[in-house]
Amino acid sequence: MPLCAKCVRDGNSDRASVIATRGSEYCADCFKVDMFGRFTKAYTTKESLLPRGEPVCVAWSGGLSSSLLVHYMNSFLNKNFKQNVSPRFSAVYVCVVDYSCLLSEEKQQIVNQEIEAMQSIAEGYNFNFKRIPLESAFTNENGDLDSTLVADLTSPEILQLKFESYSTSKTSTATPISRTLDLFASFKSTPAANPTTAVTLLNTLTTRLLRRAASTYNCTTLMTGSNASTIAAQIVTQTALGGGFNLPNEISLEYKVPNTDIVTFRPIRDLLFGEVEKLVELDEIAQFPGVAGMAEGLFGGVVGSVGTEGASVAKMTIQDLAASFVKGLQKDFPQSVSTVTRTAFKVQTGANAPGLDVCLLCSNPIQPNSQNWRASHTTSRLDDIPDIIKNEDGTVVEAPKKASEVPATGAADLLLCYACQHVGRDVKVKEKLVLPGGDWFLGAKKDCFVGNGCCDSGVSD
Amino acid sequence: MKLCVLCNTNRAQLKRPKTGQQICKTCFYAVFEYEIHCTITENKLFKRGDKVAIAASGGKDSTVLAHTMKLLNDRYDYGLDLCLLSIDEGIKGYRDDSLETVKRNQLQYNLPLLVLSYEELYGWSMDKIVAQIGTKNNCTFCGVFRRQALDRGAARLGVDHIVTGHNADDVAETVLMNRKLLVLFQKFTLTHFPLVFRGDFARLTRCTSITTQTLETSATTAPEHLTIPRSKPFKYTYEKEIVLYAYFLSLDYFSTECTYSVEAYRGYARVFLKDLEKVRASAIMDVIHSGEAYAQSLDEIERVEAENGGKKKKKTVVQKQGTCERCGYISSNKLCKACVLLESLNKGLPAVSLE
Ligand SMILES: [Zn+2]
Ligand SMILES: [Zn+2]
Ligand SMILES: [Zn+2]
Ligand SMILES: [Zn+2]
């Protein structure tokens with residue numbers, strides 16, 4: 001049996017290794033110390049954006065990584081306490097976004113029980129526990145139905161749109177839950193990209209809810225339990241969704257969310273999934289598979305291997321494909337995850353430049369000049385092809401483009417980042433799709449509402 | 001009857017791979033050709049009077065490229081002097097037949113053709129190389145030799161520009177298997193790509209940018225005048241659409257896989273890309289869009305690492321960017337990659353690793 005490398009060096013040669021990782025063997029104690037050290041080291045980077053002594057919001061998905069994070073936060077703050085230093089954070093808010101409204105009753109019960117158990121763990125640590133229902137994406141601060149999730153309403157054009165969407169929502173009998181159900185139900189059919197869009201949207205809403213919770217509780221830090229393996233999958237997913245520009249913000253140790261006081265913080269992003277699993281086992285950290293797997297199988301969810309032929313692939317989401325791609329790679333090349341992340345962490349795309357417009361849906365920065373990128377490389381209307389005029393001297397010029405009333409890019413596309421533009425594009429039955437933010441998300445002309453027949457809304461075949 | 005969504009007149013005959021639109025053949029040709037025209041003009045790939053060599057292998061990509069370059073040059077009066085440039089690797093049964101295709105293309109499109117053989121350039125044909133080293137590493141040879149062969153052929157023809165048939169799928173694949181970002185994917189993708197000119201594992205910047213000027217060395221250090229600019233008019237053109245276009249127009253191309261690629265397998269990245277495309281048609285474009293956001297930064301990372309590495313090993317710093325001692329080809333080392341491979345071949349050694 002292999003022995004712990006550090007203990008051998010220190011002369012405690014009898015301690016057996018419990019895990020081989022990062023090219024070395026570790027006994028349980030040395031492993032725990034090393035891993036916890038990586039977590040605390042994340043607080044000591046140069047030019048850190050992290051505020052000190054203010055409330056923190058910890059996103060708890062019920063998964064192993066974020067469960068470990070909650071556990072680490074307790075140890076970390078206890079250590080502050082014992083060492084008599086002022087606590088790094090003045091209060092901890094542990095937040096769980098609850099997808100119950102999308103689940104069967106049977107699943108809801110399991111989720112309920114687990115969330116109660118999570119609450120007692122958090123409260124046992126003296127943390128505040130907040131359960132955030134998904135459908136609250138559609139409520140305003142009073143709990144009333146609000147179909148605008150729009151954070152920054154400065155442009156007159158957007159104000160106009162907001163007003164219109166308000167006027168439609170006032171007359172409807174919708175509730176936050178019915179809005180949420182309608183929203184996700186509109187992704188249940190073809191085309192094949194719909195499950196991908198639904199998962200993207202679910203993730204986007206979750207992030208927005210967490211950010212909103214952080215603001216509500218005056219938290220200036222929002223912590224997530226992303227680990228190196230989930231980040232590797234994230235890199236592939238973001239790339240495949242066209243969201244490469246914002247990748248650095250999605251995976252960096254710290255990310256100041258534009259137009260807010262919130263810094264997103266990912267203190268265990270260097271831990272490999274195998275290491276997280278081992279720590280959870282060694283510290284006997286409670287597991288919540290029901291909550292962690294709430295979204296599983298809701299959309300797509302036919303998880304197969306890369307290269308799976310035929311229909312099953314079309315049923316998978318891009319997120320699933322990316323995850324299994326990374327998994328397969330990791331199996332064949334255990335070092336691959338750290339290789340991938342190490343380089344990706346260095347990539348700069350300019351997405352942290354000040355003053356960029358932010359996406360109305362995901363509230364991340366929009367890549368400058370990217371709004372027409374798709375249209376300029378894909379001709380989807382004959383009107384966009386100019387006539388050719390032959391001059392008398394034999395030279396050839398292109399006629400000015402036929403003045404098209406409607407630009408190829410929808411009005412709402414101009415307000416969304418490249419990756420979020422898929423949301424309006426991929427859905428066929430547009431009148432069913434009500435997003436937080438209003439009908440005008442759908443890529444229709446701003447003055448066009450369902451039924452006018454002036455845009456390609458409505459009837460599916 | 002389902003009408004074409006573009007013209008609303010003709011019967012829809014195909015589902016366009018890039019957009020999923022049901023369209024007629026006429027509209028397909030129109031959008032297909034116009035997009036390539038846009039890629040050429042918006043990126044200012046050429047100027048009037050340029051002599052442009054079309055890298056022609058006889059395969060579908062280069063055949064469609066020759067067809068569309070000729071067509072667009074006439075239609076839009078680019079004023080380009082076009083010619084075909086073909087490399088004969090010396091693979092019996094495969095290259096013989098594909099060269100016949102290129103020769104027919106020469107007549108069909110009325111373009112001058114230059115064929116350069118490996119035998120002529122290096123003293124070794126691929127058949128001879130395989131006879132010596134087996135089929136295991138022959139793709140390495142093929143890629144390195146071809147890259148130089150194109151430059152040398154182009155120099156011989158006195159051209160200003162080379163165009164290759166790299167399509168959007170090729171570019172997206174390079175984003176996913178980029179050696180810096182997803183370094184290990186490359187191990188899966190060292191496959192044989194004789195039909196199109198994609199064996200050269202270019203850096204991401206070189207692949208996502210439309211025009212590449214330097215080939216053997218990093219873009220920032222190479223003297224520009226030493227190599228001939230290359231570009232990819234098909235950068236945003238889907239492979240599936242190239243196949244459809246060739247099929248509908250009954251273009252004459254050679255479709256048999258290279259004899260030596262039998263044991264090669266397609267890369268993870270390619271399979272993954274095809275899966276992505278099944279889920280969302282625009283995924284190939286989306287990957288390229290992401291790749292364009294990373295490109296500059298990855299190039300910078302690579303440059304910095306090369307500099308840092310250079311500080312540790314002083315010898316490599318002394319060897320300045322220059323030319324190969326033996327053949328004069330642009331190279332950052334004493335010998336260019338082709339000459340290194342040739343040396344091992346001539347000594348009868350197994351292939352050396354290039355990375
Ligand atoms: Zn130990
Ligand atoms: Zn967005
Ligand atoms: Zn038509
Ligand atoms: Zn040489």
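The values are calculated or read from the model by the stated rules, or taken from the named source; none is laboratory data. Values in this document were obtained by computation on a predicted structure and should not be read as measured data. So basically every Cβ, Gly included, is an ideal-geometry build from the backbone, and we count neighbours across all protein chains shown. Side chains included, ligands, DNA and RNA excluded: accessible areas come from the protein's heavy atoms. Shrake-Rupley method; radii C 1.70, N 1.55, O 1.52, S 1.80 Å.
Sticking with the crude label model, points 7 Å out along Cα→Cβ, report the distance from A:K346 to A:D283 in nm, one decimal please.
Modelled inter-label distance: 3.1 nm.
Using a 7 Å offset from Cα along Cα-Cβ at B:M1, what residues in the stretch B:20-50 end up with backbone N under 18 Å from the label point?
It comes to B:22-28, nothing else.
How much accessible surface area, in Å² rounded to 10, belongs to the heavy atoms of B:V304 with a 1.4 Å probe?
Its accessible surface works out to 60 Å², give or take rounding.
Assuming R0 = 22 Å, can you tell me the calculated FRET efficiency for the pair A:T216 and A:S90, based on Cβ-Cβ distance, to the nearest 0.05?
For A:T216 and A:S90, the calculated efficiency is 0.90.
For the cross-link pairs A:K346/B:K18; B:K18/B:K60; B:K92/B:K274; A:K41/A:K278; A:K32/A:K346; A:K390/B:K15, which exceed 29 Å when the distance is taken from alpha carbon to alpha carbon?
A:K346/B:K18; B:K92/B:K274; A:K390/B:K15
Which whole-angstrom value gives the distance between the alpha carbon centres of the stretch A:203-249 and the stretch A:10-83?
So the two Cα centres are separated by 21 Å.
At q = 0.21, 0.26, 0.29 Å⁻¹, what log₁₀ I(q)/I(0) does the stretch A:1-44 have when each alpha carbon counts as one equal point scatterer in the Debye sum?
-0.63, -0.84, -0.96
Of A:T239, B:T323, which has the most accessible area with a 1.4 Å probe, and how do the rest follow in descending order?
B:T323, A:T239
Need one number: nm distance between label points at B:A155 and B:E42, each 7 Å from Cα along Cα→Cβ, rounded to one decimal.
3.5
Based on C-alpha coordinates, I'd like the Rg and Dmax of the stretch B:1-160, in Å.
Here Rg and the maximum Cα pair distance are 19.2, 60 Å.
In µm²/s, what is D for the stretch A:44-86 at 37 °C and 0.692 mPa s, where D = kT/(6 pi eta Rh) by Stokes-Einstein and Rh is the Kirkwood radius from Cα pairs?
For these conditions, the coefficient is 272 µm²/s.
Please work out how much accessible surface B:I133 shows to a 1.4 Å probe, ignoring ligands, DNA and RNA, in Å² rounded to 10.
Spelled out: B:I133, probe radius 1.4 Å, area about 40 Å².
So for the pair B:N110, A:E123, with labels modelled 7 Å out along Cα→Cβ, what separation do we get in nm?
8.8
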